[in-house]
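Chemist: Dropping the structure in here first, questions after.
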């Protein structure tokens, strides 16, 4: 059995980043682990500093269970350099190169409306973007057969 991965984002505003990635990926808030009914109840089991709150983190999941879980955690340090690992948001569908590029551009525009920023376009292939906290990601067409 292959190992599964979670992706963790450090950030300044967990709510802002969670809202963006829910819009970008169609993810939802992950329910708290059993037997807890709320995140607050789950967090109460940890000896967290008094100034930590439930709003300092967000946990998202793919509603179909296929994609990796996202953990979004507030940290005091700002982002200072380019990511060494980034997410590729793959736009589904096939067709001609012009049709795929049109879908990539449409998805990029939708993500700009959600708070993302276009950093660079590689005409006909992919768009490099940043989420609201500057984390780089790409928007590209899904590989054939997916």
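Chemist: What order do you get for 82, 74 when you list them from fewest to most C-beta neighbours inside 10 Å?
Modeler: 82, 74
Chemist: Can you give the % of DSSP beta bridges in the range 22-146 that are antiparallel, to the nearest 5?
Modeler: 75 percent
Chemist: Only Cα pairs under 8 Å and at least 6 apart count here; give the relative contact order of the chain as a rounded whole percent.
Modeler: 26 percent
Chemist: Using only Cα atoms, find the angle between the long axis of helix 14-25 and the longest principal axis of the chain, and express it within 0 to 90 degrees, rounded to the nearest 10.
Modeler: 40 degrees
Chemist: Okay, moving on. Ignoring everything except DSSP H segments at least 4 long, calculate the 222 nm mean residue ellipticity for the chain; use -39,500 (n - 2.57) per segment, divide by total residues, nearest 500.
Modeler: For the chain, the value works out to -7000 deg cm²/dmol.
Chemist: Rounding to the nearest 10 and keeping the result within 0 to 90°, find how far the Cα-based axis of helix 97-113 lies from the longest principal axis of the chain.
Modeler: The angle comes out at about 40 degrees.
Chemist: Post the alpha-carbon centroid distance, the range 82-113 to the range 11-44, in whole angstrom.
Modeler: Cα centroid of the range 82-113 versus Cα centroid of the range 11-44: 25 Å apart.
Chemist: For the range 87-141, what Kirkwood radius comes out of the mean inverse Cα-Cα distance, in Å?
Modeler: 11.0 Å
Chemist: Under the definition of Cα pairs under 8 Å and six or more residues apart, what whole-number percent is the relative contact order of the range 6-74?
Modeler: Relative contact order, the range 6-74: 50 percent.
Chemist: Rounded to the nearest 0.05, what FRET efficiency is calculated for residue 44 and residue 23 with R0 set to 22 Å and r the Cβ-Cβ distance?
Modeler: The formula returns an efficiency of 0.15 here.
Chemist: Taking the DSSP beta bridges in the range 1-96 as the whole, what percent of them are antiparallel, to the nearest 5?
Modeler: Close to 50 percent.
Chemist: In addition: Which order results if 103, 110, 4 are arranged by neighbouring Cβ count within 10 Å, fewest first?
Modeler: Ascending Cβ contact count within 10 Å gives the list 4, 110, 103.
Chemist: What distance in nm lies between label points placed 7 Å from Cα along the C-beta direction at residue 105 and residue 66?
Modeler: 2.7 nm
Chemist: Compute the Rg/Rh shape ratio of the chain: radius of gyration over Kirkwood radius, all on alpha-carbon atoms.
Modeler: 1.01
Chemist: Continuing with the same structure: Relative contact order of the range 87-141, please, whole-number percent, based on alpha carbon pairs below 8 angstrom and at least 6 residues apart.
Modeler: With pairs under 8 Å counted, the relative contact order is 41 percent.
Chemist: While we're on this one: Among DSSP beta bridges whose residues both lie in the range 87-141, state the antiparallel percentage, nearest 5.
Modeler: Around 65 percent of the beta bridges assigned by DSSP in the range 87-141 are antiparallel ones.
Chemist: May I ask you to compute the full-extension gain from residue 88 to residue 3, defined as 0.36 nm times their residue separation minus their alpha-carbon distance, rounded to one decimal in nm?
Modeler: Here the answer is 28.6 nm.
All of the numbers you see were taken from the coordinates with simple rules; none came from a lab. Remember, it's a predicted structure, so these values are computed and weren't measured experimentally. Don't worry about glycine lacking a Cβ; one is built from the backbone with ideal geometry, like all the others, and counts go over all protein chains shown.
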